[in-house]
1. Give the residue list of trypsin sites (Lys or Arg not before Pro) in segment B:223-291 that are DSSP loop and have at most 13 other beta-carbon atoms within 10 angstrom.
2. Given a Förster distance of 45 angstrom, what is the FRET efficiency for B:ARG223 paired with B:SER427, based on the Cβ-Cβ distance and rounded to 0.05?
3. Under the rule a/c < 1.5 gives rounded, and otherwise a/b versus b/c splits prolate from oblate, where does segment B:253-293 land using the Cα gyration tensor?
4. Counting DSSP beta bridges in chain B, what percent are antiparallel, to the nearest 5?
5. Are there trypsin sites (Lys or Arg not before Pro) in segment A:97-186 that DSSP puts in a loop and that have at most 14 other Cβ atoms within 10 Å, and which ones?
6. Per-residue Cβ counts within 10 Å, from other chains only, averaged over B:127-133: what number is that?
7. In degrees between 0 and 90, to the nearest 10, how far off the longest principal axis of chain B does helix B:69-80 point, with axes built from Cα atoms?
8. Report the relative contact order of chain B, percent, no decimals, based on alpha-carbon pairs under 8 angstrom and at least 6 residues apart.
Amino acid sequence: MVPLALLPRPRSLALSGLLLLSACGADRSRPEGAASLSQVGGEPEVVEVDLEPAVQPPRRPSVEPVEAPGEGSDFRTATSAAGRYTVRWRPVGGEVPNNRHFELDVWLYRGTEELEPLSGARLYVSGWMPDHGHGLVVSPKASEQEPGHYLVRGMLLHMGGFWQVFFDVIDANGISERAAFELELP
Amino acid sequence: MRRRLLLLAAAWLSSWPFLSWAASGQDSPAPDVLIGTVQFSDKELARILTLSPLPDPPSDPTNAVEDDPRAARLGQWIFFDPRFSGNGEVSCSTCHLPSRSWTDGRTVAEATGVLERHTMSLWNVAYNRWFFWDGRADTLWSQALGPLEDPREHAGSRLQYAHLLAADAQLERAYEDVFGALPELGDEQRFPAAGRPVLDNEQDPLHVAWESMRPADQEQVTRIFTNLGKALAAYQRQILSRSAPFDLFVEGLREGNGRKQRMITDSARRGLKLFLDKARCSICHTGPNFTDMEFHNNRVPPLEDEFSADQGRYRGIELVMQSPFNGAGRYSDDPDGEGAVKVSYLRRTGHNYQEFKTPSLRNVAATAPYMHQGQFARLEDVLHYYSTLENAMPTHHSAEKILQPVGLSQVEMSDLISFLESLTDTSLPAELLSPPPTPHVE
């Protein structure tokens, strides 16, 4: 079971229960068909990319499990909505700063248990403050550093409070899925 | 593991209690603390500590001379010198009057023409992430280039200013001390007396003169122009407000010094508590400069209907990204580094429509009128608005959820005003308030 590194939210948000469920990959079976962007709360946080029409994901040979980087360290991990990808991230520099630009160190994998580094993916990071009704003021940009390892530049959480942070992963076949994290920024 | 603040209340001479604290690993619930007659929870006290002191301004890597005293001196000279204008009558200090807390007391600004926005004060500009109400500049130096060529403000041109530097021996020396030799500008064919790009009117004589120049010559003149901006920024970096009674109060909290804790009144302390909690001000006016440095749509009704189309940040994002003078551009002293980050990852959405920058609240009691068009004459009016959102503009785009009518009583409003008044710092050195004796350091 992939551990979820979700910070607890002080007040209860009905939707976050749903979010947790989907992020936990309650339904692990591979969904057929359409790419999904899980949508949580408030105004849709539209990712500004054209999603290609859904295509059937190719069957992949099973691969040797890789030792995930940052295992047991400060990486936070979540599975994308339908269980296709695993996203691990941590802020470069150790902590998520309030209202300062920072970078993210991200590993993307195909699968949830047997993790295979996901190379050549497009990654869009966005965020949302459900209590405030707004998202990020930036569009961070990801670049692949080595297979499956991405650096995201230009992150900025410009206010303290409850944030949802979304990782939209689109693989080389154009299959998109979103992994969601929650954090309370002091 | 959360560190807990252990608060110790003790009695001060008369009836004044004062307190001191120490951070400890203990997790015993701290009692509320009474300061004067105002009760603060440990959570509130911890948040108060984040509001002071205001550290030194962050450095701006895009301006290599920002801390050069010779640049600051030249900048101070230019700030007050009306020769840097088309008609010889307008300087920065025409609108940013030191005697009026660096603003002008008008609703919207006016010099050779009328602007659609209110003059911002210059207190603590060096801390800003964005400049102008719509953030269309990302550095302090590039901000200054706007008014210098705006036909409603200084209404001059970069060519005119370059010639002015070369024609005045003192200015020339001041410039060359910081930026190196001025190019030879004597050839009138190559360097007309006045000229600048006028993007919205190619028939404009200034534009025609500019277009007659060789690109390399244009480049030299534009360099001089941007250097003027950098000198002006070096001067404005010194316009600091961070030793207000409120700062002494917070110092008093840290030190357990009752005398300092009494530097602000009971009413101001009640206002501070409201500011943090019920009135929700600190959601946006956060940190020791009392701003989140970003933009919100406060739905303040426009001064006149004709102004209602101000797109605010929505347009500002477009402008700063296009600007040849932004932190990623070739006039930046750090185009590939940190100085380029702000403008390189900007995101523009419908939400930005009619958003304006959250202003710092330091010295705010001295900078009336308020808001981006000076819509509110007094702080009372500002608080009445936040209290009721009376006549708030409808939003056609997603509204600012955090902006809710906070329903303040008269007493609460006057307490909040007392608190805002406790942010007034009058300690800026007098020599920064007027032109220096010479543009260069002796």
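1. Numbers: sites: B:ARG223, B:LYS230, B:ARG237, B:ARG242, B:ARG254, B:ARG259, B:LYS260, B:ARG262, B:ARG269, B:ARG270, B:LYS273, B:LYS278, B:ARG280; in loops: B:ARG237, B:ARG242, B:ARG262, B:LYS278, B:ARG280.
When the trypsin sites (Lys or Arg not before Pro) of segment B:223-291 are filtered for loop state and at most 13 Cβ neighbours within 10 Å, B:LYS278 remain.
2. On the way: r = 37 Å, r/R0 = 0.81.
The value I calculate is 0.80.
3. On the way: a/c = 2.99, a/b = 1.66, b/c = 1.80.
Oblate, because a/c is 1.5 or more while a/b does not exceed b/c.
4. Working: 17 of 18 bridges.
Bridges in chain B are about 95 percent antiparallel.
5. Values: sites: A:ARG100, A:ARG110, A:ARG122, A:LYS141, A:ARG153, A:ARG178; in loops: A:ARG100.
Sites meeting the loop and neighbour criteria: A:ARG100.
6. Details: counts 0, 0, 6, 0, 0, 0, 0.
Averaged over the peptide's residues, the number is 1.
7. Long axis of B:69-80 versus the principal axis of chain B: about 80 degrees.
8. Details: 860 pairs, mean separation 98.6, N = 442.
Value for chain B: 22 percent.
The values are calculated or read from the model by the stated rules, or taken from the named source; none is laboratory data. These numbers were taken from a predicted model, which means no experiment stands behind them. No Cβ is skipped: glycine too gets one built from the backbone with ideal geometry, and neighbour counts run over all protein chains shown. Side chains are part of the model used for accessible areas, which takes the heavy atoms of the whole protein and leaves out ligands, DNA and RNA. Shrake-Rupley method; radii C 1.70, N 1.55, O 1.52, S 1.80 Å.
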